[in-house]
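Accompanying notes for the structure given below.
Every read-out reported here was derived from the displayed coordinates using simple, explicitly stated rules and does not represent laboratory data. Just so we're clear, the structure is a prediction, and the values are computed from it rather than from any experiment. Please note: Cβ atoms are built from the backbone with ideal geometry, for glycine as well, and neighbour counts cover all protein chains shown.
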Amino acid sequence: MGAFASNFVIHRANVDMRDMSASNPVDCMKYVVVTGGVLSGLGKGITASSIGVLLKSAGLRLTSVKIDPYLNSDAGTMSPFEHGEVFVLDDGGEVDLDLGNYERFLDVALTRENNITTGKVYANVIEKERRGDYLGKTVQVVPHITNEIQDWIERVAHVSADGSGETPDACVIELGGTVGDIESAPFIEALRQFQFRVGQDNVCFVHVSLVPVMGPVGEQKTKPTQHTVKELRGLGIIPDILVCRSEVPLEDETREKLAAFCHVGTDAVVSAHDVSNLYQIPISLYEQSVLSKVSEHLGFEVPDTLPMLEDWKEMADKVDRLEEEVHIAMVGKYTGLSDSYLSVIKALQHSAYAVDRKLVIDWIESTDLDPHYVTEKHDEAWDLLKAADGILVPGGFGNRGVEGKIAAANYARINNVPYLGVCLGLQIATIEFCRNVLGLENANSTEFDENTPNPAVVFMPEISKTHMGGTMRLGTKPTPFLVDDCKMKRLYGGAKHVDERHRHRYEVNPDLIERIEAEGLVYVGKDETGQRCEIMELENHPYYVGTQYHPEFKSRPNRPSPPFLGLLKAAVGQEI
Ligand code: GLN
């Protein structure tokens, strides 16, 4: 934890983290802008959301904006195996996974407007030009694109995101990509202008950089950071705080050198060294006085007691202490990018903490479980599956690995192993049941076999077959429970209905529901029309459930998603 650990004192009041309502209104909207240099993947998103946690614990109401300088309108058409998971919002926005980090860390619910992309900005400007809004002017990157960006930021910053309906006090803005990229240039220019639009005292610039460690004595190299700061300053943005990613805490000498070369105070050079778990990052930043630095710059008071941060630290320390393991087999498609299932991993982690276990995810490539095409890793994959305490089949598209997933669902069903199927995972369990309990030969989803003699899962009538982006059944839809008592209803605290987020094109074939349910696989929750299957639960099994929606998107560190919590409870043998 570095040299600052001993300074850690957060005064605790007896207040629950969730009940903490904002009590520290500021005079006008404050902005924290997080940029990044040297290379991508330094953890700008985590830095930005951690600073958000600090501001929130100081009593500010928060929202956030993620800027992605790519031409796609949204992340919906992007491969999760290249870019990480597509995060889905309440309003059906398909956005960058960093918005998930903000929602989880800040406990807010964002909208598609909170994710600005080059594609969206240009689409707006071009539409305005066609409408004649620019009154005969030549439409240019500066000022039309840059103004559009600034207007957009200002507009969404004022929209409540914490469910209170109150205007936020502060907005954390993360600019994706790396400073110096051609793509991000208009955004940097917009942000440069923005500080004058809203007042320099209302914007705090944080730049995230890398300090590599080299040679036998582990010398901390400052040159990459010097260069990226020089580049940023050349574009007119002077960072107020430098956050330096490095394996180990920054040495005093490194801080001094960076301060001298980068035109910041030594106390504004912050070390973002490796920590035991992500929840320790806000704590580490707090210990290095990041909160007081930001509050001095933006002009708000930090209260004497920070109960939310105290709770946060307790959670971070608890995660470090967990020893006893629980193994969950994740049966999916892998290309080595675990970010493709980020929210699922988070929901599993939140649930594992709740049952006091250390989570171990056993990644199983579903093609290796395929009983028909035996791969080299077949035996190894089956051993791993059989050793797991619970099995999870996450969402997915396309037919690769489907037979392996069906085999995993079959194994869980007949061996009483806890199973959670998310979206595709529910469809897989349904196909397995149709084949092996109802005896419907070659039952399948029409997504995987258009000519299946027994379509167990079918294309939804209202979905477009010709367009990809934004044409699925997306976003939050209410799902009423149709039974008085079942495991899932108990897990949702006896709720009459649940509001969860969707992203799919296919559904359980309505013509088969009655036959499936008669054999014990019951759809305990359906959509408001009573036709569309949403929540599945098998009778006489410790935990064999599925959801057509994606419960992982609404999981929070201190409020794990109920279906995931159920999986973990069942996996450790707890009563549901
Ligand atoms: N491919 C399936 C569908 O479109 C499942 C989607 C998912 O798992 N998100 O219905």
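What does the charge add up to near Asp484, with Lys and Arg as +1, Asp and Glu as -1, over the other residues with Cβ less than 14 Å from its Cβ?
Within the 14 Å Cβ shell, the charges total +2.
If neighbour count is taken as other Cβ atoms inside 10 Å, put Asp162, Asp169 in order from fewest to most.
Neighbour counts put them in this order, fewest first: Asp162, Asp169.
In what order do Asp201, Asp27 fall by count of nearby beta-carbon atoms within 10 Å, going from fewest to most?
Asp27, Asp201
Residue-wise, which Karplus ³J(HN,Hα) couplings in Hz belong to region 435-446, taking 6.51 cos²θ - 1.76 cosθ + 1.60, θ = phi - 60°, and x for glycine or proline?
Once θ is set to phi - 60°, the couplings for region 435-446 become 5, 9, 9, 7, x, 7, 4, 6, 4, 7, 8, 5 Hz.
Sequence gap at least 6, Cα distance under 8 Å: using those rules, report the relative contact order of region 90-239 to the nearest whole percent.
16
Residues with amide H under 5 Å of Phe205's amide H, sequence separation 5 or more or different chain, H placed in the peptide plane at 1.01 Å from N; which?
Val33, Asp240, Ile241
For a test of the definition: using alpha carbon positions, the gyration tensor, and the 1.5 limit on a/c, classify region 428-576 as rounded, prolate or oblate.
oblate
Return a whole-number percent for the relative contact order of region 173-263, with Cα pairs under 8 Å and 6 or more residues apart as the contact set.
Averaging sequence separation for qualifying contacts and normalising by length gives 30 percent for region 173-263.
For the chain, build the charge dipole from Cβ charges (+1 Lys, Arg; -1 Asp, Glu) around the Cα centre, then report which of Val522, Pro394, Val32 sits farthest towards its positive end.
Val32
Calculate the dipole size of region 264-337 relative to its Cα centre from +1 charges on Lys and Arg beta carbons and -1 charges on Asp and Glu beta carbons; express the result in debye to the nearest 20.
400
Checking the a/c ratio against 1.5 first, then a/b against b/c, what shape does the Cα gyration tensor give for region 392-496?
Here region 392-496 falls in the oblate category.
May I ask you to list the lysines whose Cα is less than 29 Å away from that of Lys257, ignoring any residue fewer than eight positions away on the same chain?
Once the sequence-local lysines are set aside, what remains near Lys257 is Lys44, Lys221, Lys223, Lys230, Lys293.
Short version: ³J(HN,Hα) in whole Hz for each residue of region 367-375, in order, from phi by Karplus 6.51 cos²θ - 1.76 cosθ + 1.60 (θ = phi - 60°), x for Gly and Pro, what are they?
Each residue's phi maps through the Karplus curve to give 4, 6, 9, 4, x, 8, 10, 7, 8 Hz.
So if I place +1 on the C-beta of Lys and Arg and -1 on the C-beta of Asp and Glu, and nothing else carries charge, what would the dipole magnitude of region 191-345 be about its Cα centre? I want it in debye, nearest 20.
1000
With charges only on Cβ, +1 for K and R and -1 for D and E, what is the dipole size of region 38-118 about its Cα centre, in debye, rounded to 20?
Roughly 420 debye for region 38-118.
Averaged over every viewing direction, what's the projected area of the C-alpha convex hull for the chain? Give it in nm², one decimal, please.
Its Cα hull, projected and averaged over all orientations, spans 28.2 nm².
Normalised by the residues of the chain, what does the relative contact order come to in percent, with Cα pairs under 8 Å and at least six apart?
Once normalised by length, the contact order is 15 percent.
Hey, fewest Cβ within 10 Å first, where do Ile241, Ile516, Ile361 land in order?
In increasing order of surrounding Cβ atoms, one gets Ile361, Ile516, Ile241.
For the chain, what is the mean residue ellipticity at 222 nm derived from helices alone (per DSSP H run of n ≥ 4: -39500 (n - 2.57); sum divided by total residues; nearest 500 deg cm²/dmol)?
Mean residue ellipticity at 222 nm (helix-derived): -10000 deg cm²/dmol.
Projecting each Cα onto the charge dipole of the chain (Lys/Arg +1, Asp/Glu -1 at the beta carbon, about the Cα centre), which of Tyr134, Pro453, Ile535 comes out farthest on the positive side?
Tyr134
Across region 261-270, in residue order, what do the Karplus-derived ³J(HN,Hα) couplings come to in whole Hz, using 6.51 cos²θ - 1.76 cosθ + 1.60 with θ = phi - 60° and x for Gly and Pro?
My calculation for region 261-270 gives 7, 10, 6, 9, x, 4, 6, 8, 9, 10 Hz in order.
When we measure straight from the Cα of Lys128, which aspartates and glutamates land under 12 angstrom away, once same-chain ones fewer than 8 places off are left out?
Glu148
Please list, ordered by chain and number, the residues whose modelled amide H lies under 5 Å from the amide H of Arg245; skip anything fewer than 5 residues away on the same chain.
Here Ser209, Leu210, Val211, Ala272 satisfy the definition.
Rounded, prolate or oblate for region 510-576? Axes are the square roots of the Cα gyration tensor eigenvalues, ordered a ≥ b ≥ c, and the cut-off for rounded is a/c under 1.5.
In terms of gyration-tensor shape, oblate.
Given the C-alpha centroids of region 480-544 and region 221-268, what is the distance between them in whole angstrom?
So the two Cα centres are separated by 54 Å.
What distance in nm separates the two pseudo spin-label positions at Ala185 and Val374, each 7 Å out from Cα along the beta-carbon direction?
5.9
Students often get this wrong, so check it: of Lys386/Lys477; Lys66/Lys313; Lys377/Lys526, which have C-alpha atoms separated by over 31 Å?
With Cα atoms farther than 31 Å apart: Lys386/Lys477; Lys377/Lys526.
Cross-link candidates for Lys487: which aspartates and glutamates have Cα within less than 20 Å, leaving aside residues fewer than 8 places away along the same chain?
Straight-line reach from Lys487, under 20 Å: Asp389, Asp499, Glu500, Glu517, Glu519, Asp527, Glu534, Glu537, Glu539, Glu552, Glu575.
Place +1 on the Cβ of every Lys and Arg and -1 on the Cβ of every Asp and Glu in the chain, take the dipole about the Cα centre, and give the residue among Leu285, Pro557, Ala443 whose Cα lies farthest towards its positive end.
Looking along the dipole axis, the top candidate is Leu285.
Give me, ordered by chain and number, the residues 5 or more places off Ser64 or on other chains with an amide H under 5 Å from its own placed amide H.
Correct list: Val172.
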